[in-house]
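A short reminder: the numbers here are calculations on the coordinates, not readings from a lab. In this text the structure is predicted, and so the values were computed from the model without any measurement. Cβ placement follows ideal geometry from the backbone for every residue including glycine, while neighbour counts extend to all protein chains displayed.
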Amino acid sequence: MVQISRKISESSLFQNFITAVILLTAVLVGIETYPSMIQKYGPILHAMDKIILAIFVLEIVIKLIARFPRPQLFFTDSWNIFDFAIVAAAFLPIHAEYVTVLRLLRLLRVLRLVRALPQLRILVTALLKSIPSMFYVGIFLFLLFYIYAVAAVFLFSANDPIHFRDLPQALISLFRAVTLEDWTDLMYIQTYGCDGYGYDGKEAMCTAPQAFPVLSPLFFISFVMMGTMI
């Protein structure tokens, strides 16, 4: 039994079959986003979900048997723990009123595709290993935002109270700029002054117009270039 389970778990045919089932899971989860499809094919979708869950449970059982006489070795692989947790989550006692939670748990099954595709697994593993370095990148990005936001409040708050009246609003406006969402509007308001650009219909808020024809382009272009490159 152990030898048979080991051969099955290591066979490419079995692995390809599991990959196909995961892809089918992804399709079913997508179908469930259409209420009309659920209403029309609800029982069929529910039955297919049960079959898929049974296949995943059988996969776990086969892999556990393949590890005998030390089945605990199955849990020495982080990917196996991930697979086990996703399958086990389906057996949580979730009431009908929390159907959205149940659907989200089903959605997690799609993540098993990471395990099924070696190239994708390598990519995700490398990404996870880079998290410590990304933490320091995040610190640097925060410092960049903070310095520019404080400077923007000092420089532009009088001219542009909508976007730079205080530090929190300045941070939000700079986030808008770094995502390239109409960042040129922010620049033009400071370049031409609030009385010359951007405050149409909001003239009452433009109480102290001031133009920065040189400083504004330098400020925003430098911030956007650095922010988008990080």
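Odds and ends about this structure:
- Against the main long axis of the alpha-carbon atoms of the chain, helix 99-108 sits at an angle near 80°.
- Net lengthening on full extension, Ala88/Leu143 (0.36 nm per residue, minus Cα-Cα): 15.6 nm
- Counting lysine pairs in the chain that sit 8 or more residues apart in sequence, or on different chains, and whose Cα atoms lie under 29 Å apart gives 5.
- Cβ crowding within 10 Å, taken as a proxy for footprinting-reagent exposure, orders Lys50, Lys63 from fewest neighbours to most as Lys50, Lys63.
- Nearest-0.05 FRET efficiency for Ile81 and Arg121, computed from C-beta distance (R0 22 Å): 0.95
- 12 Å cut-off, amide nitrogen to a point 7 angstrom out along Thr228 Cα→Cβ, residues in the range 164-185: 177-184
- Ranking of Tyr192, Tyr148 by count of other Cβ atoms within 10 Å, fewest first: Tyr192, Tyr148
- Here the calculated FRET efficiency for Lys7 and Ala54, from their Cβ-Cβ distance with R0 = 25 Å, stands at 0.75, rounded to the nearest 0.05.
- Shape summary of the chain, radius of gyration then Dmax from alpha carbon positions: 27.3, 83 Å.
- Residues of the range 138-161 with an amide N closer than 19 Å to a point placed 7 Å from the Cα of Lys202 along the Cα-to-Cβ direction: 149-150, 152-161.
- With Cα atoms, 0 to 90° folded angle of helix 183-192 axis to the chain main axis: 10
- Rounded to the nearest 20, the size of the Cβ-charge dipole of the chain about its Cα centre is 1540 debye, with Lys and Arg at +1 and Asp and Glu at -1.
- Vicinal HN-Hα couplings computed from phi for the range 143-156 (Karplus, 6.51 cos²θ - 1.76 cosθ + 1.60; Hz; Gly/Pro x): 4, 4, 4, 5, 4, 5, 5, 4, 4, 5, 5, 4, 8, 10
- Relative exposure of Met187, Met225, judged by other C-beta atoms within 10 Å (fewest first): Met225, Met187
- Sequentially through the range 161-177, phi angles give Karplus couplings (6.51, -1.76, 1.60; θ = phi - 60°) of x, 5, 9, 9, 6, 8, 5, x, 5, 5, 4, 5, 5, 5, 5, 4, 5 Hz, Gly and Pro residues having no value and appearing as x.
- Maximal additional length on extending the His46-Leu108 stretch stands at 20.6 nm, based on 0.36 nm per residue less the C-alpha distance.
- Compared with the dominant Cα axis of the chain, that is its longest principal axis, helix 12-31 is turned about 50°.
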